[in-house]
Each structure stands twice: as C-alpha cells, then as structure tokens.
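See structure below.
The values are calculated or read from the model by the stated rules, or taken from the named source; none is laboratory data. Only a predicted model underlies this, so the values are computations on that prediction, with no experimental measurement involved. Virtual Cβ from ideal backbone geometry, glycine too; neighbours counted across all protein chains shown.
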Amino acid sequence: MAEGLNLADTEYNRFDTLESDKDLSRLFDVVRSFRDQKGNSPAITANVVIANPDFKKIRESDFSEYHFEPVAETLTRYPGRNGVISLWKSGNEEGVFHPQFHSREHVNVPRWMEALNRRSQKIMVAFDNETTFSGEGDYNFMEVLDFNSRDDLAFMKESLIEGLDLFEDMFGYRSLSFIPPCYTWDSEIEETLHLNGVRYIQGLFVQSVPTGTFYNYRKKYHFLGNKNIHGQYYLIRNAFFEPSLSKISDPVGECLQRINIAFKLHKPAIICTHRINFMGELDPRNRDNNLELFRQLLDSILKAWPNVEFMTSDKLGDIISCDI
C-alpha cells in the first residue's frame, strides 16, 4: 500500500516489470535446450511494444500534449537492462525469440490523457511514479484501440503506422503479424495494417469490437485461417500457458490438454503466454518456478508428439496462406 494505492492487488502489479537481461537470458537458456526433429528451437513470437509515454514531456506540456519515447530510451533508466535490445536481436538471429509488432505503446492515449486532465489524486500519484495505473482496481488504460468516439480512430491509425515504422527501424524488417492489445479493435484499422505490411492478425476466436462505451463490446468471431477483405489471415490462439495469471492447479497439464485437442482436430497449436510469467525482479520465485514449468511443458510436448514442428506465428501464417 502506497499513497492510498493497493499495488499488491493484482498479479501484474506484483510480478510484471520491464524484462531484464537476466530474465531474457534465463528464458533463452530454457528455450534453446529443446529442438524439434528439424532442429528448430521452440521460438517465442515476441509481440513487442516499441515505445512508452514520455512522462517528462507530458508534464512539461501541462498535460495538454501526449509524447512518447522509444523503448530503448526507457530501458536506459532501469538497472540491469543495458543488454535487452541486443538480446532481442541476438535471440532472433539464434531462432529462440522472434519480435513481431504489438503496439506503439500499451496505453489508450486519448482516455489516459483525459483522465490526467481530471487530476485525481490517485492517477497523479501513479503519474509521478511513471506508470499509467489508474488507482482503480487493476485498470491501467491498456486497451489501446478501444475508443469513446470513432473520431479517435484517426489517432490510433497514425500510432500504428508510426509504431510499425519504428519496429522496422529497430529490427530491420517489417512485422508481418500484429496482435491487437486486449484483443480489442475495430475492423476499420485492418486496412491500415494491411497497407503497412501486416498479413496476419493474431488473437482469440472472439474479437471485442468497440462500441464507444468502455467495457461494452460487440463480439465478432474468427476461426484459424479465416481471411478478411484485405486478404489478411487470422491466427487463433488455442492453448494457454499462464501460470502467473491463471488459478488452475496444473497449468502444464491444462495446456497439454488443449494442444492435444488441437492436434486431434488436425490444427496447429498456438500457445499463448505473456511476459509476466517469466519476470523475476519483483519476485524471483515467479520467474524461477514458471521457467521450470515451461521446461516441463516443452519436454512433455516433445515426448507426446515427437514429430512436432516449432515455428513462429508469421511462419505459420505463411504456411496457411499458401495452403488455402
């Protein structure tokens, strides 16, 4: 509890941080210790956020203007993270970590700026500590592409274009896939993504379509290999490894059951996991325990399905688009 904010109320506040050099190195050690029959490591499709709010410049504007900074600049202010960008790139070259685009920043800028201008005590305490935490429940303005008005779409499209360009500047290639933050987006943005090189849209089978009212969404359904009017394919997550977030007692067994169902239906298994599961700065037990579970999961997959082939999301998309 600090300044009236319950920071231990959610898993993200208790476990999640910017990844450190140690977090990545430990994760890579686990991943590179496994190979499929073709010699591929179980490469992680790392959906990255390429920038963060520039709190100093926002304050200097008296909260009238939004500014962002590249994630590489953010990392310089946090100890133990001097090698993160290099590890992202070397992991990609090694085939254990493949960056794809998630968002420019993981914050709903119009809603957050509107809230900052109300200057509530809780949100200003959060801002002073350089976080977008609202101080209410576990709400952090994470739903980047949700809107109060369709007028917000112009800003959101521009942020996607800029984010995709920044991604290419950092990694030297265009991101072929995109995962909408919080699985929430209006289909109108898909044209913007298409025009900027995105061929595949990762997600769940349910798309939350904004209606203009927060947390009130229209549902739109997709299936694996479903194609939209722009020729983009949907890649549907159908297995989950989320030990830090789920309340189930056997996250490995639950994930294996879902993989088994996918394979019995002659579908690829697309496993969803989040950064929080492998972060250890706030609580090393979170990282260490979950890495051991992850090791068990990968070992069990290879034993149960020795002919399995590991691949990244964009490679899977290439195969699906060629087969259909």
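E60 passes all but one of (1) loosely packed, with under 14 Cβ neighbours inside 10 Å; (2) touching a strand residue (DSSP E or B) at 6+ places or on another chain (Cβ under 8 Å); which number fails?
In the conditions (1) loosely packed, with under 14 Cβ neighbours inside 10 Å; (2) touching a strand residue (DSSP E or B) at 6+ places or on another chain (Cβ under 8 Å), E60 misses (2) alone.
Which condition number does A72 fail, the rest of (1) under 27 Å from Y183 (Cα atoms); (2) in contact (Cβ under 8 Å) with a residue 60 or more places away in the chain; (3) touching a helix residue (DSSP H, G or I) at 6+ places or on another chain (Cβ under 6 Å); (4) surrounded by 20 or more Cβ atoms within 10 Å (Cβ to Cβ) being met?
Going through the list (1) under 27 Å from Y183 (Cα atoms); (2) in contact (Cβ under 8 Å) with a residue 60 or more places away in the chain; (3) touching a helix residue (DSSP H, G or I) at 6+ places or on another chain (Cβ under 6 Å); (4) surrounded by 20 or more Cβ atoms within 10 Å (Cβ to Cβ), A72 breaks only (4).
Go through region 93-123 and give me each residue that's more than 25 Å from A154 (Cβ to Cβ) and modelled with pLDDT of 95 or more.
Selection gives E93, E94, G95, V96, F97, H98, P99.
With respect to the numbered conditions (1) assigned to a helix (DSSP H, G or I); (2) under 22 Å from R111 (Cβ atoms), which one is the sole condition not fulfilled by D165?
(2)
Those residues that are free of Cβ contacts under 8 Å to residues at least 12 places away in the same chain and either touching a Cys at 6+ places or on another chain (Cβ under 9 Å) or not in a loop (DSSP other than H, G, I, E, B) (or both), I need them from region 129-151; list them, please.
Going through region 129-151, the residues free of Cβ contacts under 8 Å to residues at least 12 places away in the same chain turn out to be 129, 131, 139, 151.
Result: D151, single match.
Within region 213-233, how many residues turn out to be at pLDDT 95 or above and part of a loop (DSSP other than H, G, I, E, B)?
10
What are the pairs, 6+ residues apart or on separate chains, where a residue within region 266-279 that is β-branched (V, I, T) has its Cβ under 7 Å from a residue that is assigned to a loop (DSSP other than H, G, I, E, B)?
Note: pairs meeting the criteria are I270/R237; I270/N238; I271/F241; T273/F241; T273/E242; I276/D16; I276/S244; I276/L245.
Where residues in region 157-214 are farther than 14 Å from N228 by Cβ and among the polar types (S, T, N, Q), which of them is surrounded by the most Cβ atoms within 10 Å (Cβ to Cβ)? Please lay out each step first, then the result.
Quick first cut of region 157-214, residues farther than 14 Å from N228 by Cβ only: 157-176, 179, 181-184, 196-197, 204-206, 208, 210-214.
So of that shortlist, the ones also among the polar types (S, T, N, Q) come out as 159, 175, 184, 196, 208, 211, 213.
Working: S159: 20, S175: 24, T184: 20, N196: 20, S208: 22, T211: 13, T213: 10.
Of everything passing the filter in region 157-214, S175 is surrounded by the most Cβ atoms within 10 Å (Cβ to Cβ).
Pick from A126, A154: which is at pLDDT below 95, among the small types (G, A, S), assigned to a helix (DSSP H, G or I) and over 19 Å from N228 (Cα atoms)?
Numbers: A154 fails: at pLDDT below 95.
Within the list A126, A154, the selection yields A126.
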